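Quick notes on the structure that follows.
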Amino acid sequence: MKSILYIIVFGSLLGCNTIKSDQYGLTVTDFDRMQALKSEIEQQESGALNFFNRLIRDADNALTQGPFSVTNKTGVPPSGSKHDYMTLAPFFWPNPDTPDGMPYIRRDGRVNPETRDDYTDFREKNRFFSAVDVLGKAFFFSGEEEYADKAISLIRAWFIDSATLMNPHLNYGQGIPGHTEGRPFGIIEFGGIRNVLSTLEILKYKTALDEDTEEGVRQWLSEYSNWLQTSELGVLESTRSNNHGTTYDVQLYNIFLYLGEIDQIRTLMETVSKERIDSQIEPDGSQPHELHRTRSHSYSITNLAAFTRLAVLGKKVNVDLWNYESPDGGSIKKAYEFMIQYLVTDKEWEHQQISSLEASKVRFANLLRNTGKEFDEAEYLEIALDYLNKANAR
């Protein structure tokens with residue numbers, strides 16, 4: 001029972017949706033595992049019931065929230081339209097050497113709190129993605145239509161209703177005062193759109209999704225995915241040689257999966273995704289583009305989690321990234337082996353990590369546990385559980 005429950009609860013590291021189901025077809029949502037957990041809830045198994053009770057509590061809270069919209073921010077994008085998504089680069093701070101603080105200066109790994117208030121869309125977007133996620137799951141497991149109705153109303157406010165909709169681009173994501181209005185790095189902030197895709201699939205599966213909402217969101221996603229592939233910022237992000245490029249792929253491929261663009265996913269995985277493994281993972285499993293950061297352990301995990309999500313998506317479309325090895329011997333498995341040594345030995349992490357190394361190791365252990373289950377790597381699971389048990393005892 002716990003194996004299924006853990007994947008649902010902790011599966012956000014892998015995207016939470018991992019198996020091709022002949023019954024449901026190719027979907028972002030893993031309906032097989034959702035159905036298995038639903039059966040455990042109906043049988044009143046304790047772990048599943050605890051999960052369900054927490055979910056319903058969060059969903060009931062979500063019923064009182066929103067509507068969420070980019071038009072709610074207090075700031076105004078450079079375009080003059082509040083319908084445009086806008087955020088500020090998190091690691092840039094006012095310049096202490098100038099009277100007006102311009103231009104902002106970089107402090108890598110240190111988040112400027114003004115980039116996380118309601119002047120921008122960052123917090124509102126996170127609230128939206130989170131609320132839609134819990135409402136969709138609560139509707140699936142409970143069957144209560146109020147959760148579906150609320151999810152649809154939130155989705156319509158963000159994507160469809162003319163007074164509140166977000167324009168389908170991220171031209172003003174992660175701007176830097178005194179430098180630039182927007183950067184390609186803002187695209188990484190929108191990875192949570194997978195929550196919306198999954199909820200839409202749940203609503204459709206449960207025959208609660210009306211045609212107008214479905215078509216409206218599909219149109220928005222088509223325009224947004226086109227922006228990702230053709231805009232200057234989108235193209236730049238797609239060429240990044242670190243976690244930004246990898247997470248860009250995950251976001252785009254999930255949208256393609258929802259839209260049914262399966263051939264595009266296969267083509268890109270056979271080319272772009274394999275090239276990312278070739279260029280980002282060394283034969284010893286290290287990820288040099290992440291190791292130079294001030295939170296090198298954390299970013300190594302972020303990129304490895306993204307590669308794992310790509311491998312999970314690959315299983316759906318019959319592209320084996322999990323067992324792929326680059327010409328010089330780099331692979332996703334090697335990247336896991338590189339990180340595992342810092343869990344099972346006394347070897348010290350020799351790269352800069354300005355945030356908690358222990359918290360990052362626990363995060364990796366959770367990822368390792370879910371990956372072990374997903375790809376039937378028993379040793380991963382054993383190592384992860386041993387480390388997590390020791391961490392909980394400390």
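The values are calculated or read from the model by the stated rules, or taken from the named source; none is laboratory data. These numbers were taken from a predicted model, which means no experiment stands behind them. Heads up, the Cβs are rebuilt from the backbone with ideal geometry, glycines too, and the neighbour counts pull from every protein chain shown.
Worth pointing out:
- Residues satisfying the stated conditions in the range 163-204, i.e. under 15 Å from the mean Cα position of the chain (by Cα), closer than 18 Å to Thr115 by Cα and either modelled with pLDDT under 95 or among the β-branched types (Val, Ile, Thr) (or both): Ile187, Ile188
- Among the residues of the range 355-377, those identified as in a helix (DSSP H, G or I) and farther than 17 Å from Phe338 by Cα are Ala359, Asn370, Lys373, Glu374.
- Pair list, Cβ under 7 Å, 6 or more apart: the range 214-239 residue more than 15 Å from Ile193 (Cα to Cα) and hydroxyl-bearing (Ser, Thr, Tyr), other residue modelled with pLDDT of 95 or more and assigned to a helix (DSSP H, G or I): Ser238/Gly245; Ser238/Tyr248; Thr239/Gly245
- Qualifying residue in the range 279-287 (condition: over 26 Å from Ile354 (Cβ atoms), surrounded by 18 or more Cβ atoms within 10 Å (Cβ to Cβ) and of a type outside the set (Lys, Arg)): no
- If the condition is being touching a residue at least 40 places away in the same chain (Cβ under 8 Å) and surrounded by fewer than 19 Cβ atoms within 10 Å (Cβ to Cβ), then the range 261-278 contributes Ile262, Arg266, Glu270, Lys274, Asp278.
- Look at (1) surrounded by fewer than 18 Cβ atoms within 10 Å (Cβ to Cβ); (2) closer than 30 Å to Glu146 by Cα and you find that Ser241 fails only one, number (2).
- Against the conditions (1) within 21 Å of Leu49 (Cα to Cα); (2) not in a helix (DSSP H, G or I), Glu146 satisfies every one except (2).
- For the range 115-152, a residue qualifies if it is farther than 21 Å from Arg194 by Cβ and of a type in the set (Phe, Trp, Tyr), and exactly one does: Tyr119.
- Single residue of Tyr380, Tyr342, Tyr336 found to be part of a helix (DSSP H, G or I), hydroxyl-bearing (Ser, Thr, Tyr), closer than 24 Å to His289 by Cβ and under 21 Å from the mean Cα position of the chain (by Cα): Tyr336
- Taking the criterion of being over 20 Å from the mean Cα position of the chain (by Cα) and in a loop (DSSP other than H, G, I, E, B), the residues of the range 262-289 that qualify are Ile281, Glu282, Pro283, Asp284, Gly285, Ser286.
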